[in-house]
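S.K.: Let me give you the structure first, and then I'll get to my questions.
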């Protein structure tokens, strides 16, 4: 009896202590769970799938119900019922937002399964973008340290948008470039400064710095005005924009501003400034914004407002950190955020960094760092292959310049993506970094996890620099290829084969019909064209002719082997492997002109004067219309008039007429890949 009372007393004591602890710790646990988004939803939102309400009503059995929904969603996916699977996936993410696998399942369904069933390129891109937004705007927010969610988001950018597996990939690339031109504005113009890696990184950081330093709220924005008069002008500008020029100070404003800015900076300025009253009535928002942008009293106010809005959109709508964007630019290279590989790199690297804050020695095997690191490496590889980007926003985004065909916008918009040598060195450094933290790449290993990819990358880079005329750089990377730190112990015979003269190494590279490779063709042709420009700069006409002929033949071989006209699911004639415009005149002309823009004025002038007639027309067109030298001749040309440095070529009017007609014909025919 006494023993029973003792047990009861002890049990009562434990119960009281437990209740006291629950009362003390409960509010703190609940607050922490809410702060870290570890709670389930407790009520169904309007228009939520009916399974959400049912799951909430089941209370403690919710986990069993979610398991059933997950099994059902997988089964529907296997049966090809993607839309039904999407509905169930949405219910699961609502009931259990911290379930990474279902976010990736849902996003893959949108970006891959449903998108390919769409009828037009625009519809396809909308579904792909829905998959991106689902992970970026919700999945990462609810799972900030989930490596799987970050890796899947990175993969969609890298594989679906930057890759060539989807026959609408060229449309995706242009759509993304247009979107990020609106969000961040145009990136730095290539110039002699950006020819060095340090100079390019500095220019791209300077581009982002106003956004990083922008005020955090409206009160801070108004306080940033230097005086009371400026503050009132800024307030008046904000009130006018919110009162009728845009839906809000967000994405809609940036889209409208970018379109108007590009028009006012283009040869269509006279059309825009002379807007008729009829057009003003039809497009009142456009008219209001145009008047604001043409009024010089608002120039300084726009300079204060734009960085604030860009930062606000980046943080609140895209859930990206401007400070991280700058840090990655400093570490990896001049990231052009119009390029899908820049976003792939951002999310993969962020996922690795975020997850490292959570791992312990006993849990490190639970995280797949190998594949996440591969995405970082592959993103750098893609940025080397096509990270120097030239994109014509005006022809893409302005409706009155587009050709309407059966309700679909068929647009010719220059999208020239060529190799960017600034990422070559960083690729090797990152390979060493990720190998050091890989559990599969220990010292004295007989096989390197990343060695095969690094080897192929170095071979591509050596060929590019050699063809570009930088044989000393090519030789240096040939030494690195032989002596690379990630060399596998069982691969020494291969390195003995590489130990030969640079010229013999280059010749061996073409024994296996490398011209059929998309990336090899792109780098070879680009390198040879750029070497041709250097030959013109040196006045070496035979070298120019040799490189030019090589580039044209390589382009022709690749086009004949890989670029086939095909009827796609979107109903347009296209080919996903057309990374270079099939028209040699277009591709070579635009490439030469954009490369010349990076030279000093004196060098550009020499190349221009020595260029053959057709190339001279291309250089003149691009320099005057796209590079912007004609808009500010005093500053851009060191005090010399634009037309003094670049006198108009003979019969230029005939070329210009052909050029504009060719663009219109391409737009009317359908999407042109490059």
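The values are calculated or read from the model by the stated rules, or taken from the named source; none is laboratory data. Predicted model, so just to flag it, every value in this text is computed and none were measured. Here the Cβ is made from the backbone with ideal geometry for all residues, glycine too, and neighbour counts use every protein chain on show.
To keep it simple, each residue is scored yes or no on (1) over 30 Å from residue 111 (Cα atoms); (2) over 18 Å from the mean Cα position of the chain (by Cα); (3) outside any loop (DSSP other than H, G, I, E, B).
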| position | (1), (2), (3) |
| --- | --- |
| 160 | no, no, yes |
| 170 | no, no, yes |
| 177 | no, no, yes |
| 188 | yes, no, no |
| 207 | yes, no, yes |
| 210 | yes, yes, yes |
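S.K.: Pull out all pairs, ordered by first then second residue, where Cβ-Cβ is under 7 Å, the residues are six or more apart or on different chains, the first lies in the stretch 235-248 and is more than 16 Å from residue 299 (Cα to Cα), and the second is in a loop (DSSP other than H, G, I, E, B).
M.R.: 242/248; 242/249
S.K.: Conditions first: (1) more than 23 Å from residue 240 (Cβ to Cβ); (2) touching a residue at least 24 places away in the same chain (Cβ under 8 Å). Residue 327 passes all but one, so which condition is the exception?
M.R.: Exception for residue 327: condition (2).
S.K.: Now for a separate question. Taking only the stretch 563-584 into account, find how many residues are surrounded by fewer than 21 Cβ atoms within 10 Å (Cβ to Cβ), at pLDDT 70 or above and in contact with a helix residue (DSSP H, G or I) (Cβ under 7 Å, 6 or more places away or on another chain).
M.R.: Of the residues in that region, 2 qualify.
S.K.: Scan the stretch 213-229 and give yes if some residue there is within 20 Å of the chain's Cα centre (by Cα), under 30 Å from residue 330 (Cβ atoms) and surrounded by 18 or more Cβ atoms within 10 Å (Cβ to Cβ), otherwise no.
M.R.: Step one: filter the stretch 213-229 for residues within 20 Å of the chain's Cα centre (by Cα), giving none.
No, that holds for no residue.
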